[in-house]
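The values are calculated or read from the model by the stated rules, or taken from the named source; none is laboratory data. Keep in mind it's a predicted model, so treat the numbers as computed, not measured. Note: ideal-geometry Cβ built from the backbone for every residue, glycine included; neighbour counts use all protein chains shown. Protein only, heavy atoms only, side chains kept; ligands, DNA and RNA dropped before computing areas. Shrake-Rupley method; radii C 1.70, N 1.55, O 1.52, S 1.80 Å.
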Amino acid sequence: MTGLGRFSLNQQTVRQWSLPELVAGCAAAGVRQVGLWREPVREYGLTAAARLVRGAGLGVSSLCRGGFLTADDPAGRAAALADNRAAIEEAAELGAGVLVLVCGGLPPGSRDLHGARERVADALGELGPYAARHGVRLAVEPLHPMFAADRCVVSTLRQALDLAERFPAAQVGVAVDTYHLWWDDTVAAGLARAGAGGRIAAFQLADWVTPLPEGVLLGRGQLGEGSVDLRWFRERVEEAGYAGPVEVEIFNPALWAREGGDVLAEVLCRYRKHVL
């Protein structure tokens, strides 16, 4: 895949669209791949969603999200493993080769980052073979450090690779998201390391804008609006050997308030200008 042929639209970028609207809108715009989220897929119906996407000739670049693997009590751990096995099965039915993992934050009252990461590793050891049997690859996604306490104890690409490299590359890779990694001056070396090991499983784009809005989870910028050198990232992941989908994932209520077709057209225009 080259150029716009690698473009994938993550469902959250046009959250205002229903799944049928997403499929129809992508087909009308010539977009051939989508990144899906479990909640709207479940709401529509997993089997029906798989049939809908497949019938439109769309590929599913990833399914979000699995993870939240840091529980320190037996019941919480068992529930997390069960939920992730279900997510793997859902990805397989959708034809998504990648399940993106947001690893989880610190358990209530804990300050033990190392222990939390080790519990993630333990879970990957159990889930990796299960995913491989279903034709799905787990992608550990490092999130910006502002999310370390409540959402993801894996904050850098190095930390994600340190976890992933304990397991076969066919089972566990990493997700590279520009919104989360742009600030790290070691990321170029991390991308080269990830490429050498065949570990880049997913590549996602969003920009970083300031001032950050209230509620930073929903503060991702439209492509080209902010501080991230998106083309630099695209070139580095390609140099590292990644030739898969380039998924635009923007959490932004201002985009969700607009007509979905206009948002997609703008994203495609900015993708050509700032990424290709």
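At 25 °C and a viscosity of 0.890 mPa s, what translational diffusion coefficient does Stokes-Einstein give for the range 1-146, taking Rh as the Kirkwood radius over Cα pairs? Give it in µm²/s as a whole number.
152
Starting from the Kirkwood radius over alpha-carbon pairs of the range 37-115, derive D by Stokes-Einstein at 37 °C in a medium of 0.692 mPa s and give it in µm² s⁻¹.
238
How large is the convex hull of the C-alpha atoms of the range 192-246 per residue, in Å³?
Output value, Cα hull per residue: 92 Å³.
Dividing the Cα radius of gyration by the Kirkwood radius, what Rg/Rh value follows for the range 139-247? List each step's numbers first, then the result.
Numbers: Rg = 13.4 Å, Rh = 14.0 Å.
Result for the range 139-247 is an Rg/Rh of 0.96.
For the range 40-84, evaluate the Debye formula with one uniform point scatterer on each Cα (no solvent term) and list log10 I(q)/I(0) at q = 0.16, 0.19, 0.21, 0.26 Å⁻¹, rounded to two decimals.
Computed log10 I(q)/I(0) values: -0.59, -0.70, -0.76, -0.91.
Could you give the alpha-carbon Rg of the range 67-179 over 2.2 N^0.38 Å, rounded to two decimals?
Compared with the compact-globule rule of thumb, the range 67-179 sits at 0.98.
Describe numerically, in nm with one decimal, the distance between label points set 7 Å from Cα along Cα→Cβ at Glu239 and at Asp73.
It is 4.8 nm.
With a probe of 1.4 Å, find how much accessible area the range 129-186 has per residue, and write the answer as a whole number in Å².
Numbers: 2050 Å² over 58 residues.
Result: 35 Å² of accessible area for each residue.
Nearest 5 is fine: what % of DSSP beta bridges in the chain come out antiparallel, could you say? Please list the in-between numbers first.
On the way: 2 of 30 bridges.
The answer is about 5 percent antiparallel.
With viscosity set to 1.306 mPa s and temperature to 10 °C, compute the Stokes-Einstein D of the chain, Rh being the Kirkwood radius across alpha carbon pairs; µm²/s, no decimals.
Diffusion coefficient, whole number: 85 µm²/s.
What are the ³J(HN,Hα) couplings of the range 35-42, residue after residue, when phi is run through the Karplus curve with 6.51, -1.76, 1.60 and θ = phi - 60°? Round to Hz, x for glycine and proline.
x, 10, 10, 5, 4, x, 5, 5
Once fully extended, how much extra length lies between Ala27 and Arg258, figured as 0.36 nm per residue of separation less the alpha-carbon to alpha-carbon distance?
Taking 0.36 nm per residue and subtracting the Cα distance, the gain is 81.2 nm.
Where the accessible area of the chain is counted over protein heavy atoms with a 1.4 Å probe, how much of it, in %, is carbon and sulfur?
On the way: 5890 of 10950 Å².
Using a 1.4 Å probe with all protein chains present, the chain comes out at 54 percent carbon and sulfur.
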